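Encoded as structure tokens, the structure appears first; notes follow it.
No lab work stands behind these numbers, since they all come straight from the coordinates. Source: prediction; values computed, not measured. Every residue, glycine as well, gets a Cβ built from its backbone with ideal geometry; the counts of neighbours run over all protein chains shown.
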Amino acid sequence: MYFSAEAVVLVPVLAVIGLAVRPRGARLLGLAAALALIFAAFATKLQPFALHTFLWAHLLQNVVLAEWAPALLVLAIPPRTAARVHGFPLFRPLVALPLWIATYFLWHIPWAYDGALRHPQSLLHVEHVSYLLAGICVWWPVIHGRYSAGAKAAYLFAAFVLASPLGLVLALIPRPVYSVYAHAPRTWGPSPLGDQELAGVTMAVEQAIALFCVFVVYLRRFLHEEQLEGVFDELSRT
């Protein structure tokens, strides 16, 4: 077990906050799953791999913090509790989505990415917390927003389209872009370039699964609502 701050500080803090809103049933399971994901990403062998050797490991941690865990954490919040912060500016779609995209892209600029890895006790924690907070913001309009299924589908599709180029670019660039991983000692696993290609593909596939699948759910819901509306319109004319 590896005692990272994310595992021994962030997880307990999130647990206290999450239990304070008194989730029940599936929401409690969502909270537990989010905490388990973060703990697994930062208390297992993945942690030293991410810090010292493999880009794919660090990107997997980032995906957990920016996409998977936030979705589950937001899902764990009961609607009555979520209603208390209705209208909070950072939870508005046209604010949350650009904030999330900017957070993802800015931290992947080489000097910022390498700088965070060279300061694992300070700047790296700032990076990870910013991913989590931006992720909570981006998922809030989907799970607790008072928008139609069609609007949520469009929002998720925009998130998928805007975020996917990052992973594809990393997979296609013909040289390693992060010096920490380019010069990391390796006794096994892919080369620095192969590691970067694997990381980019992993990120792109994950985003396709997470964002696109939820988009499909809301798209089908939207089409079903439109179909029902058409039936009611037809009945009203008879």
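Extending 7 Å from the Cα toward the beta-carbon at both A112 and S148 defines two label points whose distance is 3.5 nm.
The per residue volume of the convex hull around the alpha-carbon atoms of the stretch 99-204 is 109 Å³. Placing unit charges on each Cβ (+1 for Lys and Arg, -1 for Asp and Glu) gives the chain a dipole about its Cα centre, and among A102, A43, Q207 the Cα reaching farthest toward its positive end belongs to A43. Once the Cβ-Cβ distance of A40 and V205 is raised to the sixth power relative to R0 = 22 Å, the FRET efficiency obtained is 0.70.
Rg to Rh for the stretch 48-156: what is it, with Cα atoms only and Rh by Kirkwood?
On the way: Rg = 15.3 Å, Rh = 14.8 Å.
Result for the stretch 48-156 is an Rg/Rh of 1.03.
Ranked by Cβ crowding within 10 angstrom, fewest neighbours first, how are E225, E206, E197 ordered? Numbers along the way, then the final one.
Working: E225 13, E206 17, E197 20.
The fewest-first ordering by Cβ neighbours comes to E225, E206, E197.
Between L223 and L29, the simple label model (points 7 Å from Cα in the Cβ direction) yields a spacing of 2.7 nm.
Suppose every K and R has +1 on its Cβ and every D and E has -1 on its Cβ; what is the size of the dipole of the stretch 24-132 about the Cα centre, in Debye to the nearest 20?
Details: 7 positive and 3 negative charges, 95 e Å.
Rounded to the nearest 20 debye, it is 460 debye.
About its Cα centre, what dipole magnitude does the stretch 5-237 give when the only charges are +1 on Lys and Arg Cβ and -1 on Asp and Glu Cβ, stated in debye to the nearest 20?
Details: 15 positive and 12 negative charges, 121 e Å.
Once rounded to the nearest 20, the dipole reads 580 debye.
Fewest-first ordering of F91, F105, F42, F212 by other beta carbons within 10 Å of each residue's beta carbon gives F105, F212, F91, F42. Helix 213-237: angle to the longest alpha-carbon principal axis of the chain, degrees 0 to 90, nearest 10? Tilt of helix 213-237: around 10 degrees. At an R0 of 30 angstrom, the distance between the Cβ atoms of L90 and L123 translates into a FRET efficiency of 0.85. For the chain, the Kirkwood hydrodynamic radius comes to 19.1 Å, computed from all pairs of different C-alpha atoms.
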